[in-house]
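This report refers to the structure that appears directly beneath it.
The values are calculated or read from the model by the stated rules, or taken from the named source; none is laboratory data. Since the model is a prediction, treat every value here as computed from it, not as a measurement. Every residue, glycine among them, receives a Cβ derived from its backbone with ideal geometry; neighbour counts consider all protein chains shown.
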């Protein structure tokens, strides 16, 4: 496996060949998810965001072909003032996504049917790991803890390293494509 950078973790569940000409989202509307925001959809759309030290979390209900994407900036809501953006923090984004997806399906206990994929958490600033200021690593840890707390299976991730990523989450297929800022493309 090629070197992914210091601290990078990547798990690919199946082999894939994608080049610059591959259309990873044919005839699907693209919906942008801004920083500290989240979107949930039951339509066959592609949710998009870009992350560096932030973490994108994709939750998917394969039975209902619906899900959501949150762009998480910080690990814990205790780090900031109380605000109306639960998607900004890992500890509040996961339950907010679950609640919103439950609203789409109308079914309680949505957590047991959901799967998660995460990407991001890069160390974007040199020498911050040694000082304990690596917010990317803290975000990754907090997202994993929140998923575990809500009993949501983490089935794929592309985290850490020192590069930004673009996340494309296709709700028609459940496929998540990660485009690294160095041009590499990965499928989760």
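Segment 148-188 holds strands (runs of 3 or more DSSP E) entirely within its bounds, and those carrying 1 or more residues that are without any contact (Cβ under 8 Å) to a residue 40 or more places away in the chain map to 153-159, 176-180. Can you name the residue in segment 36-56 that is surrounded by 18 or more Cβ atoms within 10 Å (Cβ to Cβ) and in contact with a helix residue (DSSP H, G or I) (Cβ under 6 Å, 6 or more places away or on another chain) and, of all such residues, is nearest to residue 167 (Cα to Cα)? Within segment 36-56, the match that is nearest to residue 167 (Cα to Cα) is 55.
Yes or no: residue 97 in contact with a helix residue (DSSP H, G or I) (Cβ under 8 Å, 6 or more places away or on another chain) and either in a helix (DSSP H, G or I) or farther than 16 Å from residue 171 by Cβ (or both)? Taking the combined requirement at face value, the residue satisfies it.
Here is the figure for segment 128-140: residues that are at pLDDT 75 or above and assigned to a loop (DSSP other than H, G, I, E, B) total 2. Every listed requirement among (1) in contact with a strand residue (DSSP E or B) (Cβ under 6 Å, 6 or more places away or on another chain); (2) modelled with pLDDT under 95; (3) within 23 Å of residue 172 (Cα to Cα) is met by residue 43 save one, (1). Considered as a group, the residues in segment 19-35 that are modelled with pLDDT of 95 or more and either more than 18 Å from residue 174 (Cα to Cα) or touching a helix residue (DSSP H, G or I) at 6+ places or on another chain (Cβ under 9 Å) (or both) include one that is surrounded by the fewest Cβ atoms within 10 Å (Cβ to Cβ), and that residue is 34.
Would it be correct to say that residue 87 is crowded, with 24+ Cβ neighbours inside 10 Å, at pLDDT 90 or above and over 10 Å from the mean Cα position of the chain (by Cα)? So residue 87 passes the test. Take segment 90-102 and flag every residue that is free of Cβ contacts under 8 Å to residues at least 24 places away in the same chain and surrounded by fewer than 16 Cβ atoms within 10 Å (Cβ to Cβ). Selection gives 99 alone.
The criterion of at least 3 residues that are more than 21 Å from residue 113 (Cβ to Cβ) is met, among strands (runs of 3 or more DSSP E) falling completely within segment 37-93, by 45-51. A residue that is touching a residue at least 40 places away in the same chain (Cβ under 8 Å), surrounded by fewer than 18 Cβ atoms within 10 Å (Cβ to Cβ) and either touching a helix residue (DSSP H, G or I) at 6+ places or on another chain (Cβ under 7 Å) or under 18 Å from residue 141 (Cα atoms) (or both) occurs nowhere in segment 65-75. For segment 110-127, filtered to residues that are in contact with a helix residue (DSSP H, G or I) (Cβ under 8 Å, 6 or more places away or on another chain) and surrounded by fewer than 22 Cβ atoms within 10 Å (Cβ to Cβ), the residue that is modelled with the highest pLDDT is 124.
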